[in-house]
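Here is the structure we will look at.
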Amino acid sequence: MTPRPRSTRLRIAVALVLGAAAALAWQAPARWLADAVGRHTDQRLMLADSRGSLWFGSAQVVLTAGPGSRDASRLPGRLHWTWGWSDGSATLRLKLDCCSTDPVTLRVTPSWRGWSFSIPASPTPWARLPANWLSGLGTPFNTLQPQGQLTLGSTQGLKLDPGTPGQPMEGGVQMQLNNLSTRLATVAPLGNYELRLEAPGSLTLETREGAALRLQAQGRWQPRLQMQGQAEAAPGYETALDNLLNIVGRREGARSLITLG
């Protein structure tokens, strides 16, 4: 048998190495994505019981109070993801069994700084989540055991570019908490509220009209979740909400001062 030229053998070897690398990448386990999510959220958002691969997989979505915390709350059902490719960008389609009717598409774009992530603006919510999921964040949610519905979406779109110094975020996300109630108050519902996450990472909590409990807070998401605000009863509800205000924060007269993080 005539020996193959050295250049041919080298090409075959390179092709075999690249093929093996592609096969390994295609079979990358789902826990790689789970590990990345936990690492970039300081373990406050976790993907547990991950199954499948990095490209086609599912997991349970868990909120926690951070590393070492015993507080954890899982959404019912599973989160399913599928990677694809469209218009020069990778796309990640996400769907929650419990809480979304249509998949949410996250666009992932490479750049010289790394990767950017974007979700287009939508007139309809991305997901409707049970409010008791927030109990996993720890104090004061684990004490409140909130009930109601969280509506998550964005009317301006959201873009995250971790490699951009000083401006890693554009756009924002709105979360509405409707028909809030808690076992610590006899008044139900307490009201409707809106939490906004806006560039460059500020958090704002406001009370919508007609609430028995008035909440107001400001804070930041990065480098860790921090919020400071206050709660107070609307006129006529002072007695009914006195016990609740004693528990959710430090009392200062009629107000209760709340600190997270």
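The values are calculated or read from the model by the stated rules, or taken from the named source; none is laboratory data. Note that this is a predicted model, so its numbers are computed, not measured. Please note: Cβ atoms are built from the backbone with ideal geometry, for glycine as well, and neighbour counts cover all protein chains shown.
See the values below:
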{"read-out": "Condition check for Gly210: touching a strand residue (DSSP E or B) at 6+ places or on another chain (Cβ under 7 Å) and under 21 Å from Ser135 (Cβ atoms)", "value": "no"}
{"read-out": "The stretch 76-102: number of residues that are part of a loop (DSSP other than H, G, I, E, B) and closer than 29 Å to Leu134 by Cβ", "value": "9"}
{"read-out": "Test: residue in the stretch 63-73 that is without any contact (Cβ under 8 Å) to a residue 40 or more places away in the chain and over 18 Å from the mean Cα position of the chain (by Cα)", "value": "yes"}
{"read-out": "Count of the stretch 142-160 residues which are at pLDDT below 90 and within 16 Å of the chain's Cα centre (by Cα)", "value": "6"}
{"read-out": "Any hit, the stretch 107-126, residues being surrounded by fewer than 19 Cβ atoms within 10 Å (Cβ to Cβ), within 28 Å of Gly68 (Cα to Cα), among the small types (Gly, Ala, Ser) and under 16 Å from the mean Cα position of the chain (by Cα)", "value": "no"}
{"read-out": "Qualifying position, being more than 22 Å from Gly171 (Cα to Cα), surrounded by fewer than 17 Cβ atoms within 10 Å (Cβ to Cβ) and modelled with pLDDT of 90 or more, among Ala59, Ala131, Ala48, Ala36", "value": "Ala48"}
{"read-out": "Test: Ser73 is surrounded by 14 or more Cβ atoms within 10 Å (Cβ to Cβ), in contact with a helix residue (DSSP H, G or I) (Cβ under 9 Å, 6 or more places away or on another chain), at pLDDT 60 or above and not in a strand (DSSP E or B)", "value": "no"}
